[in-house]
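Note sheet for the following structure.
Please treat every number below as a calculation from the coordinates, not as lab data. Note that the coordinates shown come from a computational prediction; the quantities given were computed from them, not determined experimentally. Here Cβ is always computed from backbone atoms with ideal geometry, including for glycine, and neighbour counts include all displayed protein chains.
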Amino acid sequence: MDKGQFAILRFAKYKGPEISNIEAHNERTKEKYASNPDVDLSRSKDNFHIIQPTDKYRAMSEALIKQYECPRVRSDSVRIVETLITASPEFFKGKKKSEIRGFFEHAVGFLKQELGEDRLVSAVVHMDEKTPHMHVSFVPITEDGHLSAKRILGNRKTLTAWQDRYWKHMVGKYPELERGKSASKTGREHIPPRVFKQAANLNKQAKRVFELLEDTNPFNAKKNAAELDRLLHRFFPEMGKFLTKTKQYEQAIAQLEDSKGKLENRNAELRQELKEATTVSTKRKLEESQLKADYYNLQRVMQAIPPEIVFRYTGKNLNRERGLANEM
């Protein structure tokens with residue numbers, strides 16, 4: 001059976017310090033991408049811009065807000081909306097770079113029509129990950145000059161309309177594309193791929209932490225303590241960011257298909273099945289199952305680490321702050 005080729009459009013909202021983080025990822029200004037192992041920096045030379053930013057994302061957003069004299073701009077207002085545009089991996093198979101560029105240029109044309117060209121800060125295509133995809137960052141200024149991501153993106157019904165318009169625009173040139181399922185129809189919010197990758201990376205770190213704790217004896221205590229200290233100085237800040245980020249996706253994670261009990265016993269099996277999976281839908285289900293397993297495992301990790309150690313490295317009680325103990 002032929003695999004579906006879906007047109008994919010996703011939105012994410014950012015404000016404050018988050019903007020510099022997504023800019024560093026999109027523009028590939030970091031030397032390493034520990035939280036995203038799929039990035040192959042040796043291929044980053046193949047990345048390209050449809051729209052090249054003229055300044056830092058935050059500076060460009062502030063300049064545009066000033067230009068439009070947007071009223072009632074709060075310090076916590078969303079200043080950048082990031083749009084992820086891609087398609088199923090099958091769509092890109094056999095396509096030349098010029099054809100891939102044409103696809104993303106056509107998609108940017110849609111956003112220019114919808115938002116106004118001057119609102120677009122950057123449109124960069126990543127060729128250094130598994131599937132070509134584009135990050136388009138824009139300042140959410142409405143037609144009447146208000147800074148409002150809420151008015152532009154709206155509710156689930158509005159987002160469904162966005163998906164409909166985008167698919168109609170794309171299918172005119174690429175009739176093989178199917179419309180992706182919206183969050184309103186699937187019944188849950190989209191979980192960004194970076195959340196999956198961050199969970200897996202944190203679990204690797206946690207595994208090493210417990211290996212050191214279990215393997216410590218009078219002969220290696222000093223060496224293990226030093227490595228453990230380095231690991232925990234890195235682990236807790238990253239864990240804190242992960243818990244904050246996943247708060248908005250907790251309901252979505254809770255709705256993933258497999259039950260918690262099944263997942264706890266299926267990690268090895270899932271990884272093997274994932275390697276052998278032959279359809280995109282099967283892979284997606286398995287990846288989601290693995291995310292839920294990773295998510296609950298990280299919750300157990302935070303409960304297993306003594307509170308005094310957590311406090312020593314973070315200055316706060318993460319378990320109490322997120323109510324993890326009540327979720328288990």
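Within segment 64-148, the ratio Rg/Rh, alpha carbon atoms throughout and Rh by Kirkwood, equals 1.08. For segment 1-148, the Kirkwood estimate of hydrodynamic radius, built from reciprocal distances between every pair of different alpha carbons, is 16.3 Å.
Over 26 Å between Cα atoms, which of 95/150; 56/157; 15/197; 13/112; 93/241; 30/150 qualify? Going by Cα-Cα distance, 95/150; 56/157; 93/241; 30/150 fall outside the 26 Å limit. Its residues counted as N, segment 101-165 yields a C-alpha radius of gyration over 2.2 N^0.38 Å of 1.21. Positive-end ranking of 8, 65, 126 along the dipole of segment 6-186, with charges on Cβ about the Cα centre, is headed by 8.
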